[in-house]
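Each reported figure results from applying straightforward, stated rules to the coordinates on display, with no laboratory input. Keep in mind that this is a model prediction, so the values were computed, not measured. Ideal geometry is used to build each Cβ from the backbone, glycine not excepted, and the neighbour counts take in all protein chains shown.
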Amino acid sequence: MTHAAATHHTSMGLDSRKIAFWAFIGSECLLFTSLISTYLVYKGRSVVGPSPHEILNIPFTSVSTFDLLMSSLMMVLALAAVQRGDMKWGKIWLFATALLGLVFLGGQVIEFTEFVHKGLTLQTNLFGCTFFVLTGTHGAHVTVGVLWLLTLWVRALQGKLGPGHALTVEITGLYWHFVDVVWIVIFTVVYLIQ
Amino acid sequence: MAEGDHPNEQAHPSAETYLRVAAALVVLTVLEVGVFYVPAFHAVLVPTLLVLSALKFSLVVLFYMHLKMDSPFFSFLFGAPLLLATGVLVALLLLFFGTLTLRGAAGGG
């Protein structure tokens, strides 16, 4: 069924793909910190409204946050299932992770649409510009993650993903969890600290 | 050697550990939202929220991203840019706060 993928060990005994991916995550830290910094630096400097406290919906976003946290749990359960060769549950958890990611994206689409109807766009004020760029960039990352997860799920359905590809699932998980930790910071900095 | 068999890494946590971490994350999120809505906490809202957020961040990174049991080199690859980014963030905030103070002083003088 599955063939163990070729390994790429370095002289440190670590897989080169995992090293490369952690380096990529490190660079993503810099990207998101620059966007968060921009948001914070321009916070409270908008000349016209709407302002954050007038428009942000904390109960709605709290549910989205819970959804993304649960998707991270699904992801680690998928990895654990693939590692022990239980592909039935591996497929279920992978699909559940992607589904929760889609729910999060749906929530973001609803939120953005509501904001636009209330008069907040990229061009309205500094808050709108920095908010949409920050959360939109995060949403784009979630979209990539969902596509990646669905690709893995389809490969698992085709029988092309097995315990021999555990590292592939682990790297996908690293990306997904990073997207989750970025949201943990955004939820606090943008939504709760107004 | 199949994918995932690495001599420098310990075994990943059990499903039970993952569930406990998830429960902790849910409790911390409920606390965050609770603190936001309780007026008594408003005096210490920002530090409380930052601590709770840092706890959630650490739990995901240590247990779900396996930095607690993986090679320390991965922690370095993640931690060094994170430290640099945090430093830049703090410097920018201080710079802008400083500029505001100077402007205020100039205007007041």
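Just checking the output field for B:58-65: average partner chain Cβ neighbours within 10 Å of each residue's Cβ?
6
So what is the relative contact order of the stretch B:12-70, in percent, for Cα pairs below 8 Å that sit 6 or more residues apart?
42 percent
Answer with one residue from A:Ala156, A:Thr137, A:Leu192: the one whose Cα lies farthest towards the positive end of the charge dipole of chain A, charges on Cβ with Lys, Arg +1 and Asp, Glu -1.
Farthest towards the positive pole: A:Ala156.
Taking the Cα centre of the protein assembly as shown as origin, sum charge times position over the Cβ atoms of Lys and Arg (+1) and Asp and Glu (-1), and report the length of that vector in debye to the nearest 20.
Dipole magnitude for the protein assembly as shown comes out near 240 debye.
What does the structure give for A:184-192 when I average, per residue, the other chain Cβ atoms found within 10 Å of the residue Cβ?
Partner-chain Cβ atoms within 10 Å, mean over residues of A:184-192: 6.
Using alpha carbon centroids, what distance separates the stretch B:47-85 and the stretch A:124-194, in Å?
17 Å
Which whole number gives the average count of other chain Cβ atoms within 10 Å of the Cβ atoms across peptide A:44-52?
0
Show me, bin by bin at 20 Å from 0, the whole-percent P(r) of the protein assembly as shown based on Cα pairs.
Per 20 Å bin, starting at 0, the Cα pair percentages come out as 31, 54, 14, 1.
Write down the radius of gyration of the stretch B:12-70 and its Dmax, each obtained from C-alpha positions, in Å.
That works out to 13.5, 42 Å for Rg and Dmax.
So what's the gap between the Cα centers of the stretch A:27-44 and the stretch A:70-109, to the nearest angstrom?
29 Å
In percent, what relative contact order does chain A have, based on Cα pairs under 8 Å that are 6 or more apart in sequence?
Details: 191 pairs, mean separation 65.1, N = 194.
Relative contact order for chain A comes out at 34 percent.
How about B:Lys56: which lysines have a C-alpha closer than 16 Å to its C-alpha, ignoring those fewer than 8 places off in the same chain?
B:Lys68
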